[in-house]
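Data first, discussion second: the structure below is written as structure tokens.
The values are calculated or read from the model by the stated rules, or taken from the named source; none is laboratory data. Note that the structure is a prediction, hence the values are computed from the model and not measured. All Cβ positions, glycine included, derive from the backbone under ideal geometry; neighbour counts span all protein chains shown.
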Amino acid sequence: MSKIKDLTWESHKKAEAHPLNQDLINGILNDTEYELYLIQRYLITNYLDNYLSFQYHRAEKFLEDITKEFSEDDIMPRAREYLDYLDELEERYMIAHIYVNYLGDAFGGQIIKKNNPHRECNHLTFSGPEEIRELAKHIRLRIDDRAEELEYPANQAF
């Protein structure tokens, strides 16, 4: 296990156990909840994409799954708080949030995709294992030697 993974393990387990995440993992979110989830994740990913090379951008994949027009009214309070937090965060800490959000989709998201065969999951679709490995390598190279420094912001990302 990597150092940053060790330092965020408790936050990871807590987030995974959250009832909404359990419903998502188990494929039982209703359509309205799923759509709202996608919108929040799109907004967050769209923000974080600005801190990655273009080849690693993921926000457009969320738009492929969102079926309705959305507006400011669709932004949930927790997502707004998180986006405001990111807006105030020093750029050097963004990689911690990219680590949690993007590798969560790349690895844990595959379980969600498998358990939601009735849903569009383009945001969890990668061209293959090589794309996932390349994304993980790109992120880990920027995080591994800074694990202690990035522990707090990474835990905040959960």
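Examine region 113-121 for a residue that is at pLDDT 95 or above and within 18 Å of F54 (Cβ to Cβ), and state whether such a residue exists. Looking for residues that are at pLDDT 95 or above and within 18 Å of F54 (Cβ to Cβ), one finds none in region 113-121, hence no.
Comparison of G128, G108 shows that the only residue that is out of contact with any Ser or Thr (no Cβ under 6 Å at 6 or more places or on another chain) and either within 20 Å of L20 (Cα to Cα) or buried (at least 18 other Cβ atoms within 10 Å of the Cβ) (or both) is G108.
Go through region 19-38 and give me each residue that's among the aliphatic types (A, V, I, L, M), part of a helix (DSSP H, G or I) and either surrounded by fewer than 16 Cβ atoms within 10 Å (Cβ to Cβ) or free of Cβ contacts under 8 Å to residues at least 40 places away in the same chain (or both).
Within region 19-38, the subset among the aliphatic types (A, V, I, L, M) is 20, 24-25, 28-29, 36, 38.
Adding the requirement that they be part of a helix (DSSP H, G or I) leaves 20, 24-25, 36, 38.
Selection gives L20 alone.
When the residues of region 67-95 are filtered to those that are of a type in the set (S, T, Y) and surrounded by 15 or more Cβ atoms within 10 Å (Cβ to Cβ), which remaining residue is farthest from Q40 (Cα to Cα)? The selected residue is Y93.
Is it fair to say E64 is surrounded by fewer than 17 Cβ atoms within 10 Å (Cβ to Cβ) and either part of a helix (DSSP H, G or I) or at positive phi (or both)?
Yes: the conditions hold for E64.
Within region 140-153, identify whether any single residue is of a type outside the set (G, A, S), part of a helix (DSSP H, G or I) and closer than 20 Å to E60 by Cβ, and answer yes or no. Looking for residues that are of a type outside the set (G, A, S), part of a helix (DSSP H, G or I) and closer than 20 Å to E60 by Cβ, one finds none in region 140-153, hence no. Within the set Y82, Y34, the sole residue that is among the aromatic types (F, W, Y) and either within 23 Å of Y99 (Cβ to Cβ) or in contact with a helix residue (DSSP H, G or I) (Cβ under 6 Å, 6 or more places away or on another chain) (or both) turns out to be Y82. The residue of region 85-131 that is nearest to W9 (Cα to Cα), among those that are among the hydroxyl-bearing types (S, T, Y) and not in a helix (DSSP H, G or I), is T125. The C-beta contact set for region 43-72 (first residue free of Cβ contacts under 8 Å to residues at least 40 places away in the same chain, second residue β-branched (V, I, T), distance under 8 angstrom, 6+ apart or interchain) comprises A59/T45; I66/I39; F70/I39.
When restricted to residues that are aromatic (F, W, Y) and either at positive phi or touching a residue at least 40 places away in the same chain (Cβ under 8 Å) (or both), region 86-131 contains 3. Of the residues making up region 34-58, those that are at pLDDT below 95 and among the acidic types (D, E) number 0.
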